[in-house]
Amino acid sequence: MKRFEPYVFLKGLASRWDVLAFIVVIGLIAFLGETAHGLFDPLAKLEAVPLSLDPVHLPEYAARTTFRMLAALFFSLVFTLTYATWAAKSERAGRLLVPILDILQSVPILGFISITTVFFLSLAPGRVLGGEFVAIFAIFTSQAWNMAFSFYQSLRTVPIELTEAAESFRLSPWMRFWQLETPFALPALVWNMMLSMSGGWFFVVASESFTVGNSSVALPGIGSYIALAIQEKNLRAIGWAILTMLVVILLYDQLLFRPLVAWVDRFRVEQEPGERVPDSWALTMMRRSRLITASTLAFHNAVFWTSRLVKRTDKPLVLVEEQDRPKRRSLDLLWVSLLVLAVGAGLWHILAVLVVNTPLAEALHVCGLACLTMVRVFILIALASLVWVPIGVWVGMRPRAAQIVQPIAQFMAAFPANLLFPIAVYGIVVWKLNPDVFLSPLMILGTQWYILFNIIAGATTIPAEMRYAATNFGIKGWLWWRRVALPAVLPFYVTGAITASGGSWNAAQVSELVSWGHTQIRARGLGAYIADAAETRNFHQIILGVAVMSLFVVVINRLFWRPLYYYAERKYRMT
């Protein structure tokens with residue numbers, strides 16, 4: 001006799017995974033609603049209700065900071081999918097867009113805040129929303145460039161056989177982007193998204209506490225909490241901030257990044273039979289939930305529908321080029337004209353703002369400080385490479401180890417250098433150490449992980465047949481590293497090293513001038529020069545420091561990193 005089940009009809013409407021997904025989605029909506037509360041309040045209310053170091057306020061502060069970082073991550077992803085794709089697809093545009101990306105990466109976050117604060121505050125005059133725009137944009141500048149470089153590098157290294165397969169399937173450019181190029185780039189992009197999220201934590205203090213004219217704005221958040229704790233020399237509050245950061249990082253690792261890592265594993269070029277693939281309870285929930293499956297299906301249908309708007313041409317390539325030649329000449333003329341106007345306007349502003357008002361002695365002094373910072377960056381990148389390249393290759397070839405290392409590396413990458421200021425100040429003062437040497441490790445504290453994450457992403461793409469061939473031929477030891485591992489990860493390493501180098505220059509502003517209460521320790525370098533200028537609101541020195549830093553980074557990238565990148569792209573591309 002069949003047992004009677006009174007609520008069996010509900011199984012056709014929703015499963016337990018739907019209930020779990022509903023709880024998660026409603027929780028996220030409540031989280032967004034809570035963080036959006038007070039956005040339209042006047043800025044004066046922030047001064048009327050000052051920040052408190054009481055730990056009871058940390059959940060609210062953590063929610064607001066996480067919201068800013070997720071919003072910045074969304075805009076960084078949109079920027080990556082458009083800007084990097086344009087640079088990779090158009091040779092004409094890439095010649096300008098890639099150097100611009102180098103320059104943007106080299107501009108310190110204090111430079112962005114000093115230049116753009118008034119603009120973003122004017123979008124919502126006198127409201128907290130304007131301050132939120134400033135904070136989100138500042139976090140965006142610490143996330144977007146790394147993701148764009150990663151996506152650009154992946155689009156430039158799509159295996160030739162996959163491109164030929166797309167041609168044989170007669171995919172339109174739009175469908176090729178979504179069905180081939182984006183899936184191929186996703187594994188490396190997701191790892192760099194994790195690192196970008198952590199990079200936002202590294203600069204969260206500078207992004208949530210900024211100065212406008214004669215007044216200071218401190219938005220409620222973990223960054224402002226840390227800044228106040230440093231100002232008041234409250235070690236207990238520093239400890240609570242570290243614990244809160246750890247909890248938040250573990251939460252978005254479980255709900256966002258671990259599902260993404262498990263999902264994009266399907267897009268790896270090579271899958272070794274019997275290999276343990278990453279798993280995630282949140283991804284299982286999403287796959288088994290009918291609500292989320294319906295949303296995913298709607299997205300796929302939207303991509304398929306829009307692909308019909310971009311028709312594929314079946315004309316011979318020679319005929320197409322012949323017909324498009326007049327149009328290309330017009331575009332070339334327009335492009336050159338825009339470049340001439342942009343370069344002319346830039347030179348005029350440089351002459352009017354910097355050259356005329358800067359004495360030669362000051363310019364040489366700033367260049368000397370930049371040389372000191374450059375030496376620190378080169379030494380630190382070399383040391384970080386010696387440590388993290390072999391570790392990254394080992395982890396990347398073992399998915400189970402990658403799942404263990406992922407949250408640990410995220411937390412370490414997110415650890416703001418400001419939290420180590422008490423140790424740095426105490427050690428240097430008590431043992432009378434040289435700040436020029438012992439403050440330098442703070443520069444690489446958050447940027448060394450760019451190398452590790454990119455190496456891990458590169459190691460996961462090493463084809464299984466290449467590893468089997470090396471084993472069959474008995475290739476071991478240094479020969480294996482020289483012939484198999486290093487060539488396979490070199491394009492990814494260069495991408496990570498470029499970003500780590502630019503990030504280290506950026507981190508110099510918070511690493512060469514540290515404070516604990518009223519005690520300040522400084523190292524000679526360009527970062528301390530810019531930090532001093534920002535503290536004294538000397539706009540001319542800020543522009544001069546930013547210009548010199550950008551010039552040094554671009555020259556180094558042009559003369560060293562870019563040639564190495566193109567060499568790795570041509571010689572070691574997987575074909």
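Looking only at the range 43-58, how many residues end up being at pLDDT below 90, in a helix (DSSP H, G or I) and surrounded by fewer than 16 Cβ atoms within 10 Å (Cβ to Cβ)? Qualifying residue count, the range 43-58: 4.
Candidates 524, 482: the one that is of a type in the set (Lys, Arg) and touching a residue at least 12 places away in the same chain (Cβ under 8 Å) is 524. In the range 215-226, the residues that are in the same structural domain as residue 418 (by TED's automatic domain parsing) form no Cβ pair under 6 Å with any partner that is not in a strand (DSSP E or B), whether six or more places apart or across chains. In contact with a Ser or Thr (Cβ under 6 Å, 6 or more places away or on another chain) and at pLDDT below 85: is that true of residue 517 in this structure? It is false that residue 517 is in contact with a Ser or Thr (Cβ under 6 Å, 6 or more places away or on another chain) and at pLDDT below 85.
Residues in the range 184-193 that are among the hydrophobic types (A, V, I, L, M, F, W, C) and open to solvent by less than 10 Å² (accessible area, probe 1.4 Å): 185, 188, 189, 190. Set side by side, the residues 264, 247 differ, and just one is of a type outside the set (Ser, Thr, Tyr), modelled with pLDDT of 85 or more and under 24 Å from residue 460 (Cα atoms), which is 264. If you filter the range 520-541 down to residues that are polar (S, T, N, Q) and assigned to a loop (DSSP other than H, G, I, E, B), you find that the one that is surrounded by the fewest Cβ atoms within 10 Å (Cβ to Cβ) is 536.
Note on the range 217-269: among residues that are acidic (Asp, Glu) and part of a helix (DSSP H, G or I), the one that is least open to solvent (accessible area, probe 1.4 Å) is 253.
Just give me the residues in the range 503-519 being part of a strand (DSSP E or B) and either of a type in the set (A, V, I, L, M) or under 23 Å from the mean Cα position of the chain (by Cα) (or both), in sequence order.
Passing the criteria: 513, 514.
Scanning the range 137-153 for residues that are under 14 Å from residue 78 (Cα atoms) and hydrophobic (A, V, I, L, M, F, W, C) returns 137, 140, 144, 145, 147, 148, 149, 151. On inspection, residue 287 passes the criterion of being open to solvent by 80 Å² or more (accessible area, probe 1.4 Å) and at pLDDT 70 or above. Applying the set (1) touching a residue at least 40 places away in the same chain (Cβ under 8 Å); (2) in contact with a helix residue (DSSP H, G or I) (Cβ under 7 Å, 6 or more places away or on another chain) to residue 487 leaves exactly one unmet item: (2). Of the helices (runs of 4 or more DSSP H) lying entirely inside the range 430-502, the ones with 1 or more residues being buried (at least 23 other Cβ atoms within 10 Å of the Cβ) are found at 441-444, 448-459. Note on the range 215-249: residues that are among the basic types (Lys, Arg) and under 10 Å from residue 53 (Cα atoms) total 1. All conditions but one from (1) out of contact with any Lys or Arg (no Cβ under 8 Å at 6 or more places or on another chain); (2) more than 20 Å from residue 509 (Cα to Cα); (3) among the small types (Gly, Ala, Ser); (4) crowded, with 19+ Cβ neighbours inside 10 Å apply to residue 196; the one that does not is (2).
Set side by side, the residues 363, 352, 382, 342 differ, and just one is surrounded by fewer than 14 Cβ atoms within 10 Å (Cβ to Cβ) and modelled with pLDDT of 75 or more, which is 382.
Does residue 467 count as of a type outside the set (Ser, Thr, Tyr), more than 30 Å from residue 506 (Cα to Cα) and either at pLDDT below 85 or not assigned by TED's automatic domain parsing to the domain that holds residue 376 (or both)? Yes; evaluated as a whole, the condition is true for this residue.
With the condition kept exactly as written, say whether any residue in the range 391-406 is assigned to a loop (DSSP other than H, G, I, E, B) and out of contact with any Cys (no Cβ under 9 Å at 6 or more places or on another chain). Yes, that holds for at least one residue.
The values are calculated or read from the model by the stated rules, or taken from the named source; none is laboratory data. Note that the structure is a prediction, hence the values are computed from the model and not measured. Note that each Cβ is placed from the backbone with ideal geometry, even for glycine, and that neighbours are counted across all protein chains shown. Areas reflect the complete protein model, heavy atoms only, side chains present, ligands, DNA and RNA absent. Shrake-Rupley method; radii C 1.70, N 1.55, O 1.52, S 1.80 Å.
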